[in-house]
Amino acid sequence: MGLLFRNAFKGLKRKKIQMFGIILLITLSTGIYVAMNTALDRLEDRYYNYLEEQNVENISGDVLVDYSKDVNLEDLEYLEEHELKEMTEEERELFDLYKTNIEYENESIDVNLTTNIEYLFTKYEANAYLEQKKLKPLQDTYRFDFEYERSKVVMDDDFIMKVIPYNADKKINKVYVREGKLPEHEKEITMLEGFACANDLEIGDTFQIGEEEYKIVGFTYASDYIYPLITFSTPIFDEKKNNIIFMYEEDYKKVTGIFDNTYALRFRDNPPRKFEMTLSEEEEEKEISIDEDPIGALFQKETSTITVGMNTVSRITRTGALQIEFATNRLFADYFLYLLLTISVIIILIVTKKRIEDERLQIGVLKSLGYSKYSIALSYLVYPILGSMIGGVLGFCIGSLLNGTMAHMFLSYYNVPLSGFSIAISYLKDSICIPLVILSCLSYLIALIMLRKKPLQLLKEGSNLKVNFLSKFVNLVTKPFPFKSRFKYSLASRSIGKLLIVTITSFATGMLIVLTLIGMNLFSGMIESSFEGMKFDYMAYMNNQYVEKIDDEDDVVLNATLPLKEVLNQEGNKKEIENLEDDESIGIIGLDKDAKMIELVNEKKESIVNLLDEDSIIVSKNMKEYLNLEIGDQIVLQNGENTLTYTVVGFSNELMSFAAYVDREVLSKQLGYEEAVYNVIYSKNAKYKSLSKLSEEELQKIAYVMSFTDLKNNIMKQMDRFNTSIYVVIAFAAIMAFIIISVIASIIVEENKKTISLMKVMGYKSKEISSIVLNIYTPFVILAYLLAIPTMTSLLKWIVAQLVGDMQITIPISISFMHAMIGLLALLVAYYIAIFIAKRVLNKIPLAVALKRE
Amino acid sequence: MLYKLENIVKTYKSASGSNHALNDISLELKKGEVIVILGPSGSGKSTMLNLLSGIDTPSKGKITYDGKRLDKMNMEQLAMYRREHLGFIFQSYNLISNLTIKENVEMGFHLSSDPLDIDEVLDAVGLHDHKNKYPYQLSGGQMQRVAIARALVKNPDVLFCDEPTGALDEAMGKNILKLLQEMNKVYKTTMIIVTHNPSIADMANTVIRMNSGKLVEVTQNKKVKKAEDLRWA
């Protein structure tokens, strides 16, 4: 027994590459596991503490005011004396007209009047009074506090900024000071540290906004902008362009920008207390559990008062996106650990099998002396135990050192203060124990299976010479080949295990490489296709419906979202749509036939906008697939108590958007307007890029501007980062393949030592020997990679097909020939470097090995 | 004269000091003969085989093969020398288990610029009917015959045999030696057999006796016995 253990330790010196490979794999897997998990632990603790310390909102929403119903005379009298003191004469006339309507309780106040009143109230921020009047009665019922969050989105040629007036009495979404101080005087501002760094700014420098210069007095975080999503024009945070500024109240009033006011609600109890609701029968059918989602329950009940509107941008993204990062990264850390451990197990299995074959005579002797296979198998735990101990400790040390870097990497887009360095000793236990238990148990099990032969069988001469079925099959198939090829494939087929590992490694590496290359193509392809048909640079979303265009050159549309009642086929029968939600709504776009900037084209690139008439509808490709539509089908939408029925006349060839198009005038009248109205402008006018170029009146009307130039630039810029990370992933995949193939190649050389020595003695040249012994897996590597291409492509297409309905986009999946060859090259480079290293070992095998007697 | 050795010394260094595996050996070997190098374990006979076959190089002295200095050749030249002129038979056969008998013989066939016909050689060693079998399907004697066929198919000038009967019983051993004698007669291949079995010396033309790295004596057998008549030790 001691003999076997001694042999095992002696063998370690000879099998340096294999042992090194195992230790490296375990170190890598545990290192990444420790680094990611300790970084995530630090971040999660800090993140949740930060949310509490800064009293971050639970809900960000708008309050809806119906100016025909929610306003009374007392309100108007109050506002007249306070917020509306400085009305112009014209404004006063309007106000008086409105007041008269309210006084005499006119049931239907003219839409134009209420629209104009809403401008007026917004201009003087009188709307806040009405909104808060609606909100306050809900406070005690739902047990929350709220604050009115005022801000403006300021855009100029170089920057997109959110400007917020600093309020020292703020209790919700408190400002976090990173460095310096908060603005105490006029012309003082604070900003994001990342923006300052990217633009070479320091505390004490000046920064221009519009025509004014301000002094930077500090670096701060807005705690409700953990992910600083300022506009949808720059969805990916660009720290050179995007900024959040706090300034003095008086300065804020003078800044030109689009108002972006919202309410921050925070529940008083944490977690929010369960409360009873009385629901109507209809509401009960759609009940959201209050315990599970008190926020959802609030919105379900109070949607006539509170909503999350587009101009408030998603609360989930701003404050909650980091949680998704935590979850996905933990999953990745675990997956990566177990993946590399699986590979380590397979390598240890091969090494164990080889050792058992080499030591079969000694094992046969031990068994015939009475040793059980259980005790003999123990000597084969040397590799997994040593590998786990050394690799685990190394991995823990490296992971601990790297957790700071990892934490900062996770936070690259997020504003959460992080400081300090920590080591979590508990992970040392995981780093050693997880690989130790997995590798040892599996190695022991495999050794037991391999040691099942009887002593006589092991001792029989030539008992190791038997040829497996694969070798025989390969010999049969390769009969017509030249001798060297036959020899090569015969050696390759000797061990199915090694062949499988090399093939699977190449296949898995190929899948990863192809996935990243498709990703590279995919996003740039999507961007090109998405922006291809756009003839406009800006979309200006209005805060109400208007009749008169601002500029005649612009196109205007009327956006509406209406619940889908049913879809009928050409015979008028209801169609069953798979996966259709009960309360599905679809976006309808009312379009003019003479629109110049929005093209509706079919797959043949023919314009189909002329098909729009009284009751016809054109739908996007995504909607067609989701609702399984054909020409002649009918879409029935609910509009209050009425239904609107449209006949499908065409399909527009767009990638993004899940929309349907109808005639604008028709839609306006169906929605109750006397004339054709619009609520979105499509424009090429550069005045929408920099809001300071808009007039006061225009600014008042606009709720939000989406700049497609900025969006495209934002995405393309981040694509560079994404493309760089793709090459990193490819390099990583190639390195993993290199490690695994190196280990396998070293095993191959060792296994064929006698054959190699024999060939040297017989006079074979080194090149010939390495070609026959080592280059045996080249066709399998290439074949595995080529198989990976259609496999990954099909897999991605299937995944995308599942996502079409949920994500409402179509994603083109393809890989170019050149990219496919780049991937193959990366894999082959790794393979040939591994082979080259093995060749050096091969060249050192002495000739005398062939002469050794067994 | 095929080989000429002049003042050959081979020294191995170890932790305990230097070891003279061969100490000042000088001799000549003729072409076409059966030569047996005899000696106990540690006598230096395997080292002698290694030097003559170019597997190893001497620490001092000269080795000439057919007028060419082996001690001056580099690794590649020695490999070419073995490829073009030599054949090897080992005690442990060294067959490739995944290749058929015929393919094992092909290993030698493809090295030679003037090989013999594979089927003829297999026939000569009595294994033509087994050519599609694998080594694990053969007995020890049959496997050694395959090794002989592999060595002979190259049509070598010299055949080195390192304890060719070491793993075989008397009957099989004599069969193998008989085969070697026949090959020597038919193909005129010089046979150099390294063994510790003194009975094999009786079938040799020249017997070289070694002990402790030194040449004890070199004798010429006036009467060469047939392999089947050898008295087995």
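Filtering the range B:165-184 for residues that are assigned to a strand (DSSP E or B) and more than 14 Å from chain A (Cβ to nearest Cβ) leaves an empty set. In the range A:652-677, the residue that is modelled with the highest pLDDT out of those that are in a loop (DSSP other than H, G, I, E, B) and closer than 24 Å to residue A:606 by Cα is A:653. Per the listing A:465, A:476, A:491, the residue uniquely modelled with pLDDT of 75 or more, under 23 Å from residue A:355 (Cα atoms) and within 14 Å of chain B (Cβ to nearest Cβ) is A:491. Scanning the range A:197-230 for residues that are crowded, with 21+ Cβ neighbours inside 10 Å, small (Gly, Ala, Ser) and either under 22 Å from residue A:156 (Cα atoms) or without any contact (Cβ under 8 Å) to a residue 12 or more places away in the chain (or both) returns a single hit, A:222. Examine the range B:101-109 for a residue that is of a type outside the set (Phe, Trp, Tyr), within 9 Å of chain A (Cβ to nearest Cβ) and either touching a residue at least 60 places away in the same chain (Cβ under 8 Å) or surrounded by fewer than 20 Cβ atoms within 10 Å (Cβ to Cβ) (or both), and state whether such a residue exists. No; the residues of the range B:101-109 include none that is of a type outside the set (Phe, Trp, Tyr), within 9 Å of chain A (Cβ to nearest Cβ) and either touching a residue at least 60 places away in the same chain (Cβ under 8 Å) or surrounded by fewer than 20 Cβ atoms within 10 Å (Cβ to Cβ) (or both). Against the condition outside any loop (DSSP other than H, G, I, E, B), touching a Lys or Arg at 6+ places or on another chain (Cβ under 9 Å), closer than 30 Å to residue A:44 by Cβ and aromatic (Phe, Trp, Tyr), how does residue A:219 come out, does it pass? It is true that residue A:219 is outside any loop (DSSP other than H, G, I, E, B), touching a Lys or Arg at 6+ places or on another chain (Cβ under 9 Å), closer than 30 Å to residue A:44 by Cβ and aromatic (Phe, Trp, Tyr).
Scanning the range B:1-30 for residues that are exposed (fewer than 15 other Cβ atoms within 10 Å of the Cβ), outside any strand (DSSP E or B) and under 20 Å from the mean Cα position of the chain (by Cα) yields a count of 2. On the given criteria, is residue B:97 part of a loop (DSSP other than H, G, I, E, B) and more than 9 Å from every other protein chain (Cβ to nearest Cβ)? Criteria not met by residue B:97. Report yes if residue A:625 is part of a helix (DSSP H, G or I), surrounded by 12 or more Cβ atoms within 10 Å (Cβ to Cβ) and either hydrophobic (A, V, I, L, M, F, W, C) or touching a residue at least 12 places away in the same chain (Cβ under 8 Å) (or both), otherwise no. Yes. The set of residues in the range A:576-622 that are crowded, with 16+ Cβ neighbours inside 10 Å and among the charged types (D, E, K, R) comprises A:592, A:599, A:621.
In the range A:239-276, the residue that is modelled with the highest pLDDT out of those that are within 18 Å of residue A:705 (Cα to Cα) and part of a loop (DSSP other than H, G, I, E, B) is A:255. Per the conditions (1) under 22 Å from residue A:765 (Cα atoms); (2) of a type outside the set (Val, Ile, Thr); (3) modelled with pLDDT under 90, the sole criterion not satisfied by residue B:106 is (3). Restricting to the range B:113-136, name every residue that is facing another protein chain (nearest Cβ under 9 Å) and either among the hydrophobic types (A, V, I, L, M, F, W, C) or in contact with a Lys or Arg (Cβ under 9 Å, 6 or more places away or on another chain) (or both). Correct list: B:134, B:136.
Yes or no: residue B:155 part of a loop (DSSP other than H, G, I, E, B) and either at pLDDT 90 or above or within 8 Å of chain A (Cβ to nearest Cβ) (or both)? No; evaluated as a whole, the condition is false for this residue.
The single condition among (1) in a loop (DSSP other than H, G, I, E, B); (2) within 13 Å of another protein chain (Cβ to nearest Cβ) that residue B:160 does not meet is (1). Residues considered: A:103, A:52, A:74. Of these, the only one that is under 30 Å from residue A:323 (Cα atoms) and surrounded by fewer than 17 Cβ atoms within 10 Å (Cβ to Cβ) is A:52. Taking the range A:363-377 as the range and being surrounded by fewer than 16 Cβ atoms within 10 Å (Cβ to Cβ) and part of a helix (DSSP H, G or I) as the test, the residues that pass are A:365, A:368, A:369, A:374, A:375.
The set of residues in the range B:38-64 that are modelled with pLDDT of 90 or more and away from chain A (no Cβ under 14 Å) comprises B:38, B:58, B:59, B:60, B:61, B:62, B:63, B:64.
The condition of being of a type in the set (A, V, I, L, M, F, W, C) and in contact with a helix residue (DSSP H, G or I) (Cβ under 9 Å, 6 or more places away or on another chain) holds for only one of A:203, A:230, A:172, that being A:203.
Let's see how each residue does on (1) closer than 21 Å to residue B:52 by Cα; (2) surrounded by fewer than 24 Cβ atoms within 10 Å (Cβ to Cβ):
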position	(1), (2)
B:146	no, no
B:152	yes, no
B:157	yes, yes
B:161	yes, no
B:201	yes, yes
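Inspect all residues belonging to the range A:559-582 and state whether any of them is at pLDDT below 85 and on the phi > 0 side of the Ramachandran plot. Scanning the range A:559-582, I find at least one residue that is at pLDDT below 85 and on the phi > 0 side of the Ramachandran plot, so the answer is yes.
Name the residue that is farthest from residue A:263 (Cα to Cα), counting only residues in the range A:45-62 that are touching a helix residue (DSSP H, G or I) at 6+ places or on another chain (Cβ under 8 Å) and modelled with pLDDT of 85 or more.
First pass over the range A:45-62, keeping only residues touching a helix residue (DSSP H, G or I) at 6+ places or on another chain (Cβ under 8 Å): A:47, A:51, A:56-62.
The next check asks that each one be modelled with pLDDT of 85 or more; those that pass are A:47, A:51, A:56-57.
On the way: A:47: 22, A:51: 17, A:56: 12, A:57: 9 Å.
Ranking the qualifying residues of the range A:45-62, first place goes to A:47.
Looking at the range B:73-85, is at least one residue surrounded by fewer than 18 Cβ atoms within 10 Å (Cβ to Cβ), outside any loop (DSSP other than H, G, I, E, B), in contact (Cβ under 8 Å) with a residue 40 or more places away in the chain and acidic (Asp, Glu)? No, the range B:73-85 contains no residue that is surrounded by fewer than 18 Cβ atoms within 10 Å (Cβ to Cβ), outside any loop (DSSP other than H, G, I, E, B), in contact (Cβ under 8 Å) with a residue 40 or more places away in the chain and acidic (Asp, Glu).
The numbered conditions (1) touching a strand residue (DSSP E or B) at 6+ places or on another chain (Cβ under 6 Å); (2) farther than 23 Å from residue B:87 by Cβ; (3) outside any strand (DSSP E or B) are all true for residue B:42 except (1). Tell me yes or no: at least one residue of the range B:195-209 is part of a helix (DSSP H, G or I), away from chain A (no Cβ under 14 Å), within 30 Å of residue A:479 (Cβ to Cβ) and under 19 Å from the mean Cα position of the chain (by Cα). No: the range B:195-209 contains no residue that is part of a helix (DSSP H, G or I), away from chain A (no Cβ under 14 Å), within 30 Å of residue A:479 (Cβ to Cβ) and under 19 Å from the mean Cα position of the chain (by Cα).
For every residue, the table says whether it meets (1) under 24 Å from residue A:710 (Cβ atoms); (2) under 33 Å from the mean Cα position of the chain (by Cα).
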{"site": "A:161", "(1), (2)": "yes, yes"}
{"site": "A:165", "(1), (2)": "no, yes"}
{"site": "A:173", "(1), (2)": "no, yes"}
{"site": "A:188", "(1), (2)": "no, no"}
{"site": "A:193", "(1), (2)": "yes, yes"}
{"site": "A:207", "(1), (2)": "yes, no"}
{"site": "A:210", "(1), (2)": "yes, no"}
{"site": "A:214", "(1), (2)": "yes, no"}
{"site": "A:219", "(1), (2)": "no, yes"}
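Scanning the range A:246-256 for residues that are surrounded by 21 or more Cβ atoms within 10 Å (Cβ to Cβ) and in contact with a Lys or Arg (Cβ under 7 Å, 6 or more places away or on another chain) returns a single hit, A:251.
The values are calculated or read from the model by the stated rules, or taken from the named source; none is laboratory data. Computed from a prediction, not measured in an experiment: that's the story for all the values here. When we count neighbours, we look across all protein chains shown, and the Cβ atoms used for this are built from the backbone with ideal geometry, even at glycine.
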